[in-house]
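Trainee: The structure follows.
The values are calculated or read from the model by the stated rules, or taken from the named source; none is laboratory data. Quick caveat: nothing in here was measured; it's all calculated off a predicted structure. Ideal geometry is used to build each Cβ from the backbone, glycine not excepted, and the neighbour counts take in all protein chains shown.
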């Protein structure tokens, strides 16, 4: 950077700037104006600007050489103080909010020009960083001002923004061409002088424009990330330039490797959930009194729960977990007096259950507390590695609870965080209960449609019966007529086809159940024999004989037959289907396993037991649903274990029947 070759016009340009800002400072310090909000702060910044312009004119006049102590004293140090003065004005206009990154920069930057050994690119990068920070603060000040109050603040934003924008243009050009342009530097004084009238107009419009400005958390987060990224890239660019200058033949390779590695590290940091969580927590802690932007959080939470797509359980967990920067969680809901895990997000789904009379559920139901698991003495075994339990209250009763994983960054659970989690839990419970009610209503309507369809089937059967009755009556008269015989055969074939089609669609027994003791080994043998011609042929393994249960023989046989038929259809011809009978602690266990294509965990949890949901082209989707419901009627249970491409296992648990012994 050569200062001794600057044209003489630079002296005039900076002299005009010194006079303009000295006049502005004197005008602001008049009696009666000093009491205006921020008048003294702006007057101090104007005096520093006048001092900078005067020193610049003297340096050009005296022919001060670059990178000397005289250049530092007359050019770089006054310029840094001038930039920091206008940054202080912007911070004051922001309503007195703490601005920790800017404050740290205000303390750190003035000492840097005192180091004469810095490379030229780094000497240009430092004022450029101040210019970037100034433009960000101007943008925040204007956007954070209500539209009806921008009438006064816009001239201040234009004036101060023009100062920092021209600085950014000057030093970005210097970093690009590795030298300070004499023409751009010479015109700097006049450009700065043009900002003085704008600042005077802003103050003349009265003190109403100096309002308390609040920046949204989103703007603060993105601006802090942008500022940090810019400073990081500037530092890496300076490092790469240094490597190129001292690396000799390897300098170019080292420079490119340094820049590429720096960009990769920056991208990894920007996409890191932990780093984003820490930055958000830092901003909330140092810039705002409250932990949350409630308008933004409520909109985000409502959007997550109001989505019509599948996966409400996972979205509810994610919406609550985001409030405390948790990376995963579990959703437990009440099912027939027992709380079971029904959804997960980035956490394995446990197989445990929680009784409604247990310590955890009783405490949640009675107190509605948000419980920290690490310090709780009654922590259950499945909660190992988990952090927080959020109750889902619905009409003053415990509908369920969400268990969250530890947060990405350290978080203090104060009263504000706990209250927000309670409100979010209640909202999530309402949405989940509403969705369950809507699904139940849809199922009831489908059953109504199914019953209506049965009415039409009965009507068709009556027509077929009438047709066959008429055929039987006419057979006595025309049985020897060949044409009648052919018509009779065609009619019978058509009626038989229609009846078979209806039986496939409506294979339900309307007779009342006949509960009686049944031998399971004989019932399973009949079920296997009924599918003896299928491929693959099911195999039967009896590990316990003489097991007796109380059930309706036809319905239980139909349940087992349906599960066996599903296993056969899901298994290739070279696969295996095995039916195993065993007994354990007063319970009969029937396992129907296959080596077919299997099912995913999400399909089993969300679709397998839903009526009228079928993956078959001609299926009605009520077989597995009816099987589970009937087993529950007789006191049994139906469990499913499956994995894609690994087969499926259906386990039927039935209570054994013991006949009374008489003496």
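Trainee: Collect the residues in the range 314-330 that are under 19 Å from residue 439 (Cα atoms) and surrounded by 24 or more Cβ atoms within 10 Å (Cβ to Cβ), keeping them in residue-number order. So that I can check it myself, show each step before the final result.
Mentor: Just the residues of the range 314-330 that are under 19 Å from residue 439 (Cα atoms), to begin with: 314-316.
Of everything in the range 314-330, just one residue is under 19 Å from residue 439 (Cα atoms) and surrounded by 24 or more Cβ atoms within 10 Å (Cβ to Cβ), namely 316.
Trainee: Report yes if residue 660 is at pLDDT 85 or above and either in a strand (DSSP E or B) or surrounded by fewer than 15 Cβ atoms within 10 Å (Cβ to Cβ) (or both), otherwise no.
Mentor: Details: at pLDDT 85 or above: no; either in a strand (DSSP E or B) or surrounded by fewer than 15 Cβ atoms within 10 Å (Cβ to Cβ) (or both): yes.
So residue 660 fails the test.
Trainee: Is it the case that residue 18 is touching a helix residue (DSSP H, G or I) at 6+ places or on another chain (Cβ under 6 Å), modelled with pLDDT of 70 or more and either in the same structural domain as residue 196 (by TED's automatic domain parsing) or assigned to a helix (DSSP H, G or I) (or both)?
Mentor: Values: touching a helix residue (DSSP H, G or I) at 6+ places or on another chain (Cβ under 6 Å): yes; modelled with pLDDT of 70 or more: yes; either in the same structural domain as residue 196 (by TED's automatic domain parsing) or assigned to a helix (DSSP H, G or I) (or both): yes.
When the stated conditions are applied, residue 18 passes them.
Trainee: Oh, and also: Return the only residue of 582, 594 being farther than 30 Å from residue 435 by Cα, in contact with a helix residue (DSSP H, G or I) (Cβ under 9 Å, 6 or more places away or on another chain) and at pLDDT 85 or above. Spell out how you get there, then give the answer.
Mentor: Details: 582 fails: in contact with a helix residue (DSSP H, G or I) (Cβ under 9 Å, 6 or more places away or on another chain).
Only one candidate passes the filter, namely 594.
Trainee: Next question, about the same structure. Within the range 559-568, how many residues are surrounded by fewer than 19 Cβ atoms within 10 Å (Cβ to Cβ) and either closer than 22 Å to residue 635 by Cβ or touching a residue at least 40 places away in the same chain (Cβ under 8 Å) (or both)?
Mentor: Residues flagged as surrounded by fewer than 19 Cβ atoms within 10 Å (Cβ to Cβ) and either closer than 22 Å to residue 635 by Cβ or touching a residue at least 40 places away in the same chain (Cβ under 8 Å) (or both) within the range 559-568 amount to 2.
Trainee: Hey, another quick one. Of the residues in the range 346-371, how many are within 24 Å of residue 423 (Cβ to Cβ) and surrounded by 13 or more Cβ atoms within 10 Å (Cβ to Cβ)? Please lay out each step first, then the result.
Mentor: Pass one, the range 346-371, residues within 24 Å of residue 423 (Cβ to Cβ): 346-347, 354, 356, 360-371.
Next cut, surrounded by 13 or more Cβ atoms within 10 Å (Cβ to Cβ) only: 346-347, 354, 356, 360-365, 368-371.
Counting residues in the range 346-371 that are within 24 Å of residue 423 (Cβ to Cβ) and surrounded by 13 or more Cβ atoms within 10 Å (Cβ to Cβ) gives 14.
Trainee: Residue 383 - would you say it is surrounded by 13 or more Cβ atoms within 10 Å (Cβ to Cβ) and more than 22 Å from residue 433 (Cβ to Cβ)? Steps first, answer last, please.
Mentor: Working: surrounded by 13 or more Cβ atoms within 10 Å (Cβ to Cβ): yes; more than 22 Å from residue 433 (Cβ to Cβ): yes.
Here the answer is yes, as residue 383 does meet what is asked.
Trainee: Quick check, is residue 589 within 23 Å of residue 640 (Cβ to Cβ), modelled with pLDDT of 90 or more and surrounded by 15 or more Cβ atoms within 10 Å (Cβ to Cβ)?
Mentor: On the way: within 23 Å of residue 640 (Cβ to Cβ): yes; modelled with pLDDT of 90 or more: yes; surrounded by 15 or more Cβ atoms within 10 Å (Cβ to Cβ): yes.
Considered against the rule, which asks whether it is within 23 Å of residue 640 (Cβ to Cβ), modelled with pLDDT of 90 or more and surrounded by 15 or more Cβ atoms within 10 Å (Cβ to Cβ), residue 589 comes out as yes.
Trainee: Might you check whether a residue that is farther than 29 Å from residue 294 by Cα, out of contact with any strand residue (DSSP E or B) (no Cβ under 6 Å at 6 or more places or on another chain) and part of a helix (DSSP H, G or I) occurs anywhere in the range 404-415? Let's see the steps before the verdict.
Mentor: Going through the range 404-415, the residues farther than 29 Å from residue 294 by Cα turn out to be none.
So far as the range 404-415 goes, no, none of its residues is farther than 29 Å from residue 294 by Cα, out of contact with any strand residue (DSSP E or B) (no Cβ under 6 Å at 6 or more places or on another chain) and part of a helix (DSSP H, G or I).
Trainee: Using the structure shown, decide if residue 341 is over 13 Å from the mean Cα position of the chain (by Cα), assigned by TED's automatic domain parsing to the domain that holds residue 411 and modelled with pLDDT of 85 or more. Let's see the steps before the verdict.
Mentor: Numbers: over 13 Å from the mean Cα position of the chain (by Cα): yes; assigned by TED's automatic domain parsing to the domain that holds residue 411: yes; modelled with pLDDT of 85 or more: yes.
Considered against the rule, which asks whether it is over 13 Å from the mean Cα position of the chain (by Cα), assigned by TED's automatic domain parsing to the domain that holds residue 411 and modelled with pLDDT of 85 or more, residue 341 comes out as yes.
Trainee: Still on this structure: Go through the range 369-403 and give me each residue that's closer than 16 Å to residue 331 by Cα, part of a loop (DSSP other than H, G, I, E, B) and touching a helix residue (DSSP H, G or I) at 6+ places or on another chain (Cβ under 9 Å).
Mentor: Correct list: 370, 373, 380.
Trainee: Give me the residue from the range 2-14 that is surrounded by fewer than 19 Cβ atoms within 10 Å (Cβ to Cβ) and either touching a helix residue (DSSP H, G or I) at 6+ places or on another chain (Cβ under 6 Å) or under 24 Å from residue 90 (Cβ atoms) (or both) and, out of that set, modelled with the lowest pLDDT.
Mentor: Step one: filter the range 2-14 for residues surrounded by fewer than 19 Cβ atoms within 10 Å (Cβ to Cβ), giving 2, 4-5, 7-9, 11-12.
This time we only want the ones that are either touching a helix residue (DSSP H, G or I) at 6+ places or on another chain (Cβ under 6 Å) or under 24 Å from residue 90 (Cβ atoms) (or both), so: 7, 9, 11.
Working: 7: 55, 9: 76, 11: 83.
Filtering first and then ranking leaves 7.
Trainee: Okay, moving on. Take the range 522-547 and flag every residue that is outside any loop (DSSP other than H, G, I, E, B) and surrounded by fewer than 17 Cβ atoms within 10 Å (Cβ to Cβ).
Mentor: Filtering the range 522-547 down to residues outside any loop (DSSP other than H, G, I, E, B) leaves 522-530, 539-542.
Correct list: 522, 525, 526, 529, 530, 539, 540, 541, 542.
Trainee: Residues to consider are 436, 429; find the one that is surrounded by 13 or more Cβ atoms within 10 Å (Cβ to Cβ), in contact with a strand residue (DSSP E or B) (Cβ under 6 Å, 6 or more places away or on another chain) and at pLDDT 75 or above. Don't jump to the end; show me each part of the working.
Mentor: On the way: 436 fails: in contact with a strand residue (DSSP E or B) (Cβ under 6 Å, 6 or more places away or on another chain).
After ruling out the rest, the residue left standing is 429.
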